[in-house]
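Here is the structure we will look at.
The values are calculated or read from the model by the stated rules, or taken from the named source; none is laboratory data. Not measured: the values here are computed from a predicted model. Positions of Cβ are backbone-derived with ideal geometry, glycine not excepted, and every protein chain shown enters the neighbour counts.
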Amino acid sequence: MTTLRPERYSATAIALHWAIALLLLFQIGLGWALEDLPKGAAQFAGYQFHKSVGITILLLSLVRLAVRLFRPRPEPVKDGRAQMLLASAVHGLLYAVMIGGPITGWIIVSTAKVRLQTMLFGKIPWPDLPVGQGFHEPAEVLHGALGTIGIILIGLHVAGALYHHFKREDVIGRMLPGAMKSHGVIGIAALVAIALGIGALICGRLLSFAPANLVTPPIPLPSASSEGDIAAPMESTAPEEPTAVVSESAVSSATATPWKLEKGGRLAFTAEYNGEAIKGSFSRWDATIVFDPEDLPGSSISVTIDLASVESGDSQRDDMLRSDSFFAVGTHPTAQFVSSSIRAAGEGRYVAKGTLLLHGQRKPLTVRFSLNIDGSRATASGNATLQRLAFGVGEAEWSATDQLRDAVGVDFNLKAVKKAR
């Protein structure tokens, strides 16, 4: 039995065609934007998003290819032999870009020296390909060229569609809903599609990955604005202490007041590798603070750190710290300290006990800090020591403590202003 070819593509093919077209243009613009992003957390977030969009394009393209192969579609428009060969070549190469672009990017990620877990849109883990290191450089070269090739092919594809439209041949209309039948309406729809495509390209190129867009909201527990000296080492073998949860009624009846962090604070760390001190810091972190020296039972501290914002002065080392071997920011993007109790330890000095959640591990942590309150303003500074292996940070080849010490020092300073109650 012979199946008659339809006048238009199926609704599924039409939806996939336009979705992939816009995503592909957006992805090309995004790829160009990544080249200009500064090393650090913004670039890391940009590449994670780029990978997510790429895998989405790959999956949609495979579905589109299956629809093309197994569903009836309109006959090719008759034209000169050269034009038909060019149209066929452009279509075939577009599929190569749509599928080859994400696959070469997947190979690059899978063969990188520093392996970072790919999390699709920060939610779904995506595996690496089982390919050798020898594929890395060829994939990188080809992946970089496919963006430019894709733009050229899309330009030829659009030009061909407009060429047939001006000849009053219904080519564009076949990839539009059946309600769009008149030549004029199809022409307007084509102009709108071109404008949307250019907009998608520009949107990808201008998409911002500034720190303000990437901060993970702190957990909503009150905390103390303390100038602190987090100095006590973590007791990883001690039983886990319960997290303090302060109800709204308790806070309202207590004298402890909330504080707001001011810009300019610093949260840093120091690790020792082969006898050399490696220093780094986090550019994005926040704290929820409720504190009053006269109401320590009503005071509390909650700190959230965006681990992808780590900076140590070496981009390759920063990538390694974000990788699965250390922070594994793909699956554990933040670290959180929540106090359970605060007590005085001398004039202007305090001890906060609580838990630190890092790399999926929650362990007790004691923080010692000093604080200076002057009216509605406060300053704090301090340091701490914790054992990285207790949190599973730097295991496998990095578990030997003769090279990379287990103890990691933390130091910070901050300023805060009292909020009106």
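When segment 363-400 is examined, which residues are found to be among the hydroxyl-bearing types (S, T, Y) and closer than 22 Å to A287 by Cα?
Going through segment 363-400, the residues among the hydroxyl-bearing types (S, T, Y) turn out to be 366, 370, 376, 379, 381, 385, 399.
T366, S370, S376, T379, S381, T385 - these are the residues of segment 363-400 that are among the hydroxyl-bearing types (S, T, Y) and closer than 22 Å to A287 by Cα.
On the basis of being closer than 24 Å to Q117 by Cα, over 27 Å from the mean Cα position of the chain (by Cα) and surrounded by fewer than 22 Cβ atoms within 10 Å (Cβ to Cβ), does L404 make the cut? Yes.
Of all residues in segment 279-331, which are aromatic (F, W, Y) and in contact with an Asp or Glu (Cβ under 8 Å, 6 or more places away or on another chain)? Residues satisfying the conditions are F282, W285. Determine whether segment 42-60 contains at least one residue that is touching a residue at least 12 places away in the same chain (Cβ under 8 Å), within 30 Å of A13 (Cβ to Cβ) and among the small types (G, A, S). Looking through segment 42-60, at least one residue is touching a residue at least 12 places away in the same chain (Cβ under 8 Å), within 30 Å of A13 (Cβ to Cβ) and among the small types (G, A, S).
So which residues in segment 70-87 are part of a loop (DSSP other than H, G, I, E, B) and more than 24 Å from L176 (Cβ to Cβ)?
Pass one, segment 70-87, residues part of a loop (DSSP other than H, G, I, E, B): 71-80.
G80 - this is the single residue of segment 70-87 that is part of a loop (DSSP other than H, G, I, E, B) and more than 24 Å from L176 (Cβ to Cβ).
Since L94 meets every condition but one in (1) at positive phi; (2) in a helix (DSSP H, G or I), which condition does it not meet? Failing condition for L94: (1).
Counting only residues that are free of Cβ contacts under 8 Å to residues at least 24 places away in the same chain and either under 29 Å from the mean Cα position of the chain (by Cα) or in a helix (DSSP H, G or I) (or both), segment 164-188 holds 8 of them. Step by step: first the residues of segment 11-49, then only those that are at pLDDT 90 or above and farther than 22 Å from G150 by Cα, then the one that is surrounded by the most Cβ atoms within 10 Å (Cβ to Cβ). Which residue is that? In this case the residue turns out to be T12.
Mind listing just one residue for me: the one in segment 333-351 that is of a type outside the set (S, T, N, Q) and under 32 Å from the mean Cα position of the chain (by Cα) and, of those, modelled with the lowest pLDDT? Result: P333.
Here is the figure for segment 346-371: residues that are within 20 Å of F391 (Cβ to Cβ), in contact (Cβ under 8 Å) with a residue 60 or more places away in the chain and among the small types (G, A, S) total 2.
Yes/no matrix, rows are residues, columns are (1) over 22 Å from G354 (Cβ atoms); (2) crowded, with 18+ Cβ neighbours inside 10 Å:
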| position | (1), (2) |
| --- | --- |
| A277 | yes, no |
| I289 | no, yes |
| P293 | no, no |
| S300 | no, yes |
| A308 | yes, yes |
| Q316 | yes, no |
| R322 | yes, yes |
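Could you please let me know if A380 is more than 21 Å from E294 (Cα to Cα), in the same structural domain as K260 (by TED's automatic domain parsing) and either surrounded by fewer than 17 Cβ atoms within 10 Å (Cβ to Cβ) or among the small types (G, A, S) (or both)?
Values: more than 21 Å from E294 (Cα to Cα): no; in the same structural domain as K260 (by TED's automatic domain parsing): yes; either surrounded by fewer than 17 Cβ atoms within 10 Å (Cβ to Cβ) or among the small types (G, A, S) (or both): yes.
Judged against the criteria, A380 is not a match.
Does any residue of segment 354-364 turn out to be over 35 Å from the mean Cα position of the chain (by Cα), farther than 30 Å from Y47 by Cβ and crowded, with 22+ Cβ neighbours inside 10 Å? No, segment 354-364 has no match at all. Tallying residues that are on the phi < 0 side of the Ramachandran plot, in contact with a helix residue (DSSP H, G or I) (Cβ under 8 Å, 6 or more places away or on another chain) and not in a helix (DSSP H, G or I) within segment 11-69 yields 2.
Do you know which residues across segment 341-399 are of a type in the set (A, V, I, L, M, F, W, C), closer than 29 Å to A256 by Cα and outside any strand (DSSP E or B)? So that I can check it myself, show each step before the final result.
As a first pass, look at segment 341-399 and keep what is of a type in the set (A, V, I, L, M, F, W, C): 342, 344-345, 351-352, 356-358, 365, 367, 369, 371, 373, 378, 380, 384, 386, 389-391, 393, 396, 398.
Narrowing further to those that are closer than 29 Å to A256 by Cα: 342, 344-345, 351-352, 356-358, 365, 367, 369, 371, 373, 378, 380, 384, 386.
Listed by number, the list holds a single entry, A345.
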